[in-house]
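Report on one structure; see the data block that follows.
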Amino acid sequence: MILPKIRDPRFITIRRGGTLTDQNHRLLAIWAAKCAKHVLRYFEKECPEDKRPREAIELAMAWARGEIELNGAKKGAFHSNAAARELVGAARFSAYSAGQAAVVGHVAAHELGAAAYAIKAVMAASEENEKRDNGRKECKWQQEQLPEEIKELVLEDQRNRNDICWNVFQL
C-alpha cells in the first residue's frame with residue numbers, strides 16, 4: 001500500500017476540495033511516466049512481446065496532454081498490473097511502476113508509487129552489494145527530472161511517505 005490513510009489535500013484537485021491545480025496534476029503524471037519509462041527496459045528484456053506496461057506509460061502521457069479521458073489511462077494501469085503479477089523481481093516492479101504512472105490522473109498521489117516501484121526495479125536488477133547505491137542513483141535521477149513547479153511538493157511527499165514506500169527515498 002503506497003497511499004496514506006489520510007489523503008494530503010495538496011494531491012487532491014481544486015475541484016474536489018484540495019489545492020492541486022490541473023497543471024500540476026498533469027506535471028505529476030508526466031514525471032511519474034518518466035520514472036516508469038526509465039526502468040521499462042527491465043520488463044521489456046524479460047517480456048519483449050508484451051506491450052502492456054509501455055502502453056500504460058503512453059496512456060499516462062496522453063492523459064497528461066489532454067488527449068484521452070481518464071478511463072483510458074486506468075485501463076492501461078489494469079493491464080500493466082496484470083502483466084506484473086505474472087513476474088518477479090525487476091520486471092515485475094517495472095510493470096507496477098508503469099501501472100502506477102497510468103493512474104496518477106485518477107489519484108495524483110500514485111506519482112510516488114511510480115517512482116518507488118522504479119527504484120525497486122533498479123535495486124532488484126542490481127548485484128547485492130550495489131543495490132543501495134543504485135537505488136540512490138535512481139532516486140537522484142528521478143529528483144533531477146522534477147519540474148520546479150512540483151519539486152518541493154514531491155520531495156516533501158517522499159519524506160512523508162518514505163516509510164510506506166519501502167524506505168526507497170532515503171536509502
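Readers should treat all values here as calculations from the given coordinates under stated rules, not as data from a laboratory. All figures in this text were calculated on a predicted structure; none of them were measured in a lab. Because the Cβ atoms are built from the backbone with ideal geometry, glycine has one as well, and the counts that use them run over all protein chains shown.
Descriptive notes on the structure:
- Within the range 16-165: Cβ-based charge dipole about Cα centre, in debye rounded to nearest 20 (Lys, Arg +1; Asp, Glu -1): 160 debye
- With neighbour counts taken as other beta-carbon atoms within 10 Å, the residues Val122, Val168 rank, fewest first, as Val168, Val122.
- Added length on full extension, which subtracts the Cα-Cα distance from 0.36 nm per residue, Glu86 to Leu3: 27.6 nm
- For the chain, the mean residue ellipticity at 222 nm estimated from helices alone is -21000 deg cm²/dmol, where every DSSP H run of n ≥ 4 contributes -39500 (n - 2.57) and the total is divided by all residues, rounded to the nearest 500.
- Computed FRET value (nearest 0.05) for Glu67 with Gln23, which takes r as the C-beta separation and R₀ as 22 Å: 0.85
- Residue order for Glu128, Glu58, fewest other beta carbons within 10 angstrom first, comes to Glu128, Glu58.
- The 3J(HN,Hα) values that the Karplus relation (6.51, -1.76, 1.60; θ = phi - 60°) gives for the range 156-167 are, in residue order, 5, 4, 4, 5, 5, 10, 3, 5, 8, 10, 6, 6 Hz. Gly and Pro appear as x.
- Pairwise FRET efficiency - Arg159 versus Val107, Cβ, R0 = 22 Å, nearest 0.05: 0.65
- Residues whose amide H falls under 5 Å from that of Leu20, counting only those 5 or more places apart or on a different chain, are Ile12, Thr13, Ile14, with hydrogens built in the peptide plane.
- Charge dipole (Cα centre; +1 on Lys/Arg Cβ, -1 on Asp/Glu Cβ; no other charges) of the range 1-72 amounts to roughly 340 debye.
- Here's the picture: charge each Lys and Arg Cβ at +1 and each Asp and Glu Cβ at -1 in the range 16-165, and of Gly72, Thr21, Trp141 the one pushed furthest to the positive end of that dipole is Gly72.
- Considering the chain at the alpha-carbon level, its Rg and Dmax are found to be 14.8, 47 Å.
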